[in-house]
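Encoded as structure tokens, the structure appears first; notes follow it.
Bear in mind that the values in this text are calculations on the coordinates, not laboratory data. Being a predicted model, the structure only gives us computed values, none of them experimental. Reconstructed Cβ throughout: ideal geometry from the backbone, glycine too, with neighbour counts over all protein chains shown.
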Amino acid sequence: MFHQSDLDRDLAVGVQYFVELQVGQVTPLMYAFPANSCELASALMASALSTKYKDSLVLRAKGVNPKNSEVHFWVQVGETILDPTAHQFAHYTSPLICRAPSPLQTIFSEIEYVCPSDAIDELNAPNAERRINLLEELSRRIGTYAHKQF
């Protein structure tokens, strides 16, 4: 189980890590964080949090806007939404943490939930070693690292 303050901290640590990746241009997938970074950020966060909160249901959500097929990704831990890239949208000035459902579901209303391991697997296969390194570092920072085989 978790406390809201734990998730607040985890989200802040994750976002700081993603900012460092973008500033250092460590990974091209984070070059414009938070814009166009939601798939990788949410997959990494979901996977790291599922290790930390083993007794909670952690899912990666994929929302599709039915009007234009635009896609957005976020994380759900129990009944809490964590959206490390919500501030790429005009209505948000910071990452989003709130009670489910995500307010972005009004735009991205066609929702698909996947387990964190599937979210990681959906990322670009040729970058498997790189995503494992990113996940290991994020997990270390939020205090969850336990080597997992992908």
(request) Name the aspartates and glutamates eligible as straight-distance cross-link partners of K62: C-alpha to C-alpha under 19 Å, and not fewer than 8 places from it in the same chain. (result) E39, E70, E79, D83, E110, E112, D118, D121, E122
(message) Can you find, among Q105, S94, N65, the residue sitting farthest towards the positive end of the charge dipole of the stretch 4-134, where Lys and Arg contribute +1 and Asp and Glu -1 at Cβ?
(response) S94
(request) Could you rank the peptides 110-117, 73-80 by their average count of other C-beta atoms within 10 Å per residue, with the highest value first? (result) 73-80, 110-117
(request) Tell me the label-point distance for the pair R130, F89, using the 7 Å Cα-to-Cβ offset, in nm and rounded to one decimal. (result) 2.8 nm
(request) Rounded, prolate or oblate: pick one for the chain, where a ≥ b ≥ c are the square roots of the eigenvalues of its C-alpha gyration tensor, a/c under 1.5 means rounded, and failing that, prolate if a/b is larger than b/c, else oblate. (result) rounded
(message) Could you tell me the relative contact order of the stretch 4-134? Use alpha-carbon pairs under 8 Å, at least six residues apart, and round to a whole percent.
(response) 23 percent
(request) Just add up the charged neighbours of Q76: K/R +1, D/E -1, any other residue whose Cβ is under 13 Å from the Cβ of Q76. (result) 0
(request) Check every DSSP H run in the chain and write down those whose alpha carbon atoms cover 24 angstrom or more along the long axis and whose mean Kyte-Doolittle hydropathy is -1.0 or greater. (result) 4-23
(request) Would you please give the FRET efficiency between E137 and K67, computed as 1/(1 + (r/R0)^6) with r the Cβ-Cβ distance and R0 = 30 Å, to the nearest 0.05? (result) 0.20
(message) Under a crude label model (7 Å from the Cα following the beta-carbon direction), how far is E112 from C98 in nanometres?
(response) 2.5 nm
(request) Please work out how much length the chain gains when fully extended from D121 to D55, using 0.36 nm per residue of separation minus the C-alpha to C-alpha distance, in nm with one decimal. (result) 21.6 nm
(message) Run lengths n ≥ 4 of DSSP H only: what is the helix-derived mean residue ellipticity at 222 nm for the chain, with -39500 (n - 2.57) per run over all residues, to the nearest 500?
(response) -12500 deg cm²/dmol
